[in-house]
1. Mean-square fluctuation check for the chain, GNM, Cα pairs under 10 Å: which of LEU119, LEU223, LEU89 is largest?
2. Could you list the trypsin sites (Lys or Arg not before Pro) in the range 29-132 that lie in coil according to DSSP, counting only those with at most 16 other Cβ atoms within 10 Å of their Cβ?
3. Net charge within 13 Å of VAL160 by Cβ-Cβ distance, Lys/Arg positive one each and Asp/Glu negative one each, not counting VAL160 itself?
4. Whole angstrom only: what separates the Cα centroid of the range 120-142 from the Cα centroid of the range 16-43?
5. If you wrap the chain's Cα atoms in a convex hull and average its projection over all directions, what's the area in nm²?
6. List the aspartates and glutamates whose Cα lies under 15 Å from the Cα of LYS114, skipping any in the same chain that are fewer than 8 positions away.
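FYI, it's all coordinate maths here, none of it is from the lab. Because the structure is a prediction, the values reported are computed rather than measured. Quick reminder, even Gly has a Cβ in these numbers, built from the backbone with ideal geometry, and neighbours come from all protein chains shown.
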Amino acid sequence: MKLTLYRPNLARLQYPLQCLLCQKSYWGRSSLCPQCRQLMPYLDYASQCHQCGLVSAHSNLCDTCRIEPPAFTQTYVPLAYGGLTSLLLNQFKFHTNFSAGKALTQLWQDALPKQVMGLYQDLDMIIPVPAHPQRIRKRGFHVTLWCARHISGMLARPFVNTWVERPHLAPAQKYLDAQTRRCNVADAFQVLQPQALHNKKLLLVDDVMTTGATLNALAEVCLDAGAKVCYVTALARA
Ligand SMILES: [Zn+2]
Ligand SMILES: [Zn+2]
């Protein structure tokens, strides 16, 4: 008989984890305790318009998307902005706390509905919303690239950030109204490798989706360059 050695992860067995949000100790694998995970403001995919992600009372396609649909075909965003989501996002984006980023992407994966998982099965490429180099330097890291890399690992689909760029430094979207947001992003993106995008099924990744203007502008340039379809996702919806 052949004996195999059992080597348990002793660190994990001996020490409880500390929850990022409530600081309580608990046993588990996630960086949030079960209570805090339950308290997160989850969005219900079943009651959203599947194209734009906004709440749609009667069907999975809202009136706006019937009349004037966005360039992207489908939206998945698991969490509402505000409350505990904002606490984690602030830690992640403004204090470079990657544990908070990991907690958010873990929630993104855990809440992923089966039907969305089905759509993501044959993605050709995951593309983060490009950021201007000056904004990346100021923040210290590329937020959406970080998210795309983690989502790429979770879905086992490739990601790339060299096909589209953001050549101009525009004002941050969060200070603008809906109309100005649309103008602000109208020519925000430039495709660098149109031949690479040709006939590709893409997932475009942002950290926070608000009106969807940024993701719509990115989807437009990708589709104009020949992409087949664009799905969009973000960690939270404001
Ligand atoms: Zn907790
Ligand atoms: Zn809609």
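1. LEU119
2. Details: sites: ARG29, ARG37, ARG66, LYS93, LYS102, LYS114; in loops: ARG29.
Taking the range 29-132 and a limit of 16 other Cβ atoms within 10 Å, the loop trypsin sites (Lys or Arg not before Pro) found are ARG29.
3. Numbers: positive: ARG149, ARG157, LYS200; negative: ASP124, GLU165.
With Lys, Arg at +1 and Asp, Glu at -1, the neighbours total +1.
4. For the range 120-142 versus the range 16-43, the Cα centre distance is 27 Å.
5. Details: hull surface 66.2 nm².
Computing the convex hull of the Cα atoms and averaging its projections yields 16.6 nm².
6. Once the sequence-local aspartates and glutamates are set aside, what remains near LYS114 is ASP44, ASP122.
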